[in-house]
Amino acid sequence: MHNIIRDAETRMRKTIESFKTEIAKLRTGRATPSILDHVRVDYYGSDMPINQVANVTVSDARTLTITAWEKKMVPVIEKAILNSGLGLNPTSTGDLIRVPMPALNEERRKELIKVVRAEGEAGRVSIRNVRREANAELKELLKAKDMTEDEERRLSDEVQKITDKFVAEVDQLLSAKETDLMSI
């Protein structure tokens, strides 16, 4: 019975981690290598993340520097960044690619906030789905007479408390990211 709650809590924690990585990808005007995490590069016929074919570093607050491990990968990496939909314009000088982070205008910030809110809602829905599944498992145990109604009610309340805690964490991360987007 307690395994159900532990499993639900673990799955909710994974949802939070996934949400953190998703909002970290959103560009705030500051240079962070994680912005390019989801950009894939064609490397000898297979799609690879940029960080597996090049070294991505922050040279200053608004510039990323990418050093390809193979010189012939420079134009491929450049093209992948251009086509990523992030609105970034990489420039290459030999075997080094510089990616300046353009300042965000008000309209783009509001678009990003909408995206962040959508990600937040997806995180909340995912957490609620875990709660629903845990409660369904508890009901099955009750139906099979493996626990009493009082135990089922107490464990359901515990699942709800865990759910509330993780939903509050999503809300906190969401407001922090919105503040970050609007402050730049």
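Readers should treat all values here as calculations from the given coordinates under stated rules, not as data from a laboratory. Small disclaimer: the values here were computed from a predicted structure and weren't measured. Methodologically, a virtual Cβ is constructed for each residue, glycine included, from the backbone with ideal geometry; neighbour enumeration extends over all protein chains shown.
Please compute the length gained on full extension between Leu96 and Asp37, using 0.36 nm multiplied by the number of residues separating them and subtracting their Cα-Cα distance.
Values: separation 59, 0.36 × 59 = 21.24 nm, distance 1.82 nm.
Using 0.36 nm per residue and subtracting the Cα-Cα distance, I get 19.4 nm.
Using amide H atoms built in the peptide plane, which far-off residues or other-chain residues are under 5 Å from Val58 H to H?
For Val58, the qualifying residues are Thr65.
Of Ser18, Ala8, Gln52, which is farthest along the charge dipole of the chain in the positive direction, counting Lys and Arg as +1 and Asp and Glu as -1 at C-beta?
Gln52
Long-range amide H contacts for Ala31: which residues qualify at under 5 Å (H placed 1.01 Å from N, peptide plane, sequence gap of 5 or more or a different chain)?
Arg62, Thr63
Comparing Met101, Met73, Met147, which has the greatest mean-square fluctuation in the GNM of the chain with Cα pairs linked when under 10 Å apart?
It is Met147.
Treating only the Cβ of Lys, Arg, Asp and Glu as charged (+1, +1, -1, -1), what charge dipole size does segment 120-184 show about its Cα centre? Round to the nearest 20 debye.
With Lys and Arg at +1 and Asp and Glu at -1, about 120 debye.
Just name one of Pro90, Ala68, Ala80: the one whose Cα is farthest towards the positive end of the charge dipole of segment 33-100 (beta-carbon charges, Lys/Arg +1, Asp/Glu -1).
Checking the options against the dipole of segment 33-100, the answer is Pro90.
Would you mind getting me the FRET efficiency between Ala176 and Thr67? Use the beta-carbon distance for r and R0 = 45 Å, nearest 0.05. Walk me through the numbers before you get to the answer.
Numbers: r = 32 Å, r/R0 = 0.70.
Once rounded, the FRET efficiency stands at 0.90.
Which of Thr15, Thr163, Thr148 moves most in a GNM of the chain, Cα contacts under 10 Å?
Thr148
At a Cα cut-off below 22 Å, give the lysines reachable from Lys20, other chains included and same-chain residues fewer than 8 away excluded.
Once the sequence-local lysines are set aside, what remains near Lys20 is Lys110, Lys114, Lys161, Lys165, Lys177.
How big is the charge dipole of segment 1-66 about its Cα centre, in debye rounded to the nearest 20, if each Lys and Arg gets +1 on its Cβ and each Asp and Glu gets -1 on its Cβ?
Using only the charged Cβ atoms, the result is roughly 240 debye.
Karplus couplings for segment 58-63 from phi (6.51 cos²θ - 1.76 cosθ + 1.60, θ = phi - 60°), rounded to Hz, Gly and Pro as x?
Each residue's phi maps through the Karplus curve to give 9, 8, 8, 4, 10, 9 Hz.
If you take every residue apart from Ala68 with its C-beta less than 10 Å away from the C-beta of Ala68, what net charge results, scoring Lys and Arg +1 and Asp and Glu -1? Intermediate values should be presented prior to the final figure.
Numbers: positive: Lys71, Lys72; negative: Glu70, Glu78, Asp95.
Cβ neighbours under 10 Å give a net charge of -1.
Work out how much length Leu82 to Lys14 would gain on full extension: take 0.36 nm times their residue separation and subtract the Cα-Cα distance, in nm to one decimal.
Working: separation 68, 0.36 × 68 = 24.48 nm, distance 3.10 nm.
Value of the extension gain: 21.4 nm.
What does the net charge come to around Leu96 if you take all other residues with beta carbon closer than 15 Å to its beta carbon, with K and R at +1 and D and E at -1?
-1
Give, rounded to the nearest 20 debye, the magnitude of the charge dipole that the chain has about its Cα centre when Lys and Arg contribute +1 at Cβ and Asp and Glu contribute -1 at Cβ.
Dipole about the Cα centre, nearest 20: 440 debye.
Using label points projected 7 Å from each Cα along Cα→Cβ, tell me how many nm separate Asn89 and Arg6, to one decimal.
5.5 nm
Taking each pair of different alpha-carbon atoms in the chain once, compute 1/r for the pair, average those values, and report the inverse of that mean as the Kirkwood hydrodynamic radius in Å to one decimal.
Result for the chain, one decimal place: 19.0 Å.
Would you work out which of Ala134, Ala122, Met147 lies farthest towards the positive end of the dipole of segment 109-177, given +1 charges on the beta-carbon of Lys and Arg and -1 on that of Asp and Glu, about the Cα centre?
Towards the positive end, the residue furthest out is Ala122.
Would you please name the GluC sites (Glu not before Pro) within segment 90-184 that are DSSP coil residues with at most 14 other C-beta atoms within 10 Å of their C-beta?
Listed in order of number, the matching sites amount to none.
Show me, for segment 78-88, the HN-Hα J-couplings you get by feeding each phi into the Karplus relation (A = 6.51, B = -1.76, C = 1.60, θ = phi - 60°), rounded to Hz, glycine and proline as x.
Result, ordered by residue: 4, 5, 5, 5, 4, 8, 6, x, 8, x, 9 Hz.
Per residue, what volume in Å³ does the convex hull of the Cα atoms of segment 33-100 enclose?
In segment 33-100, the Cα hull volume divided by residue count equals 74 Å³.
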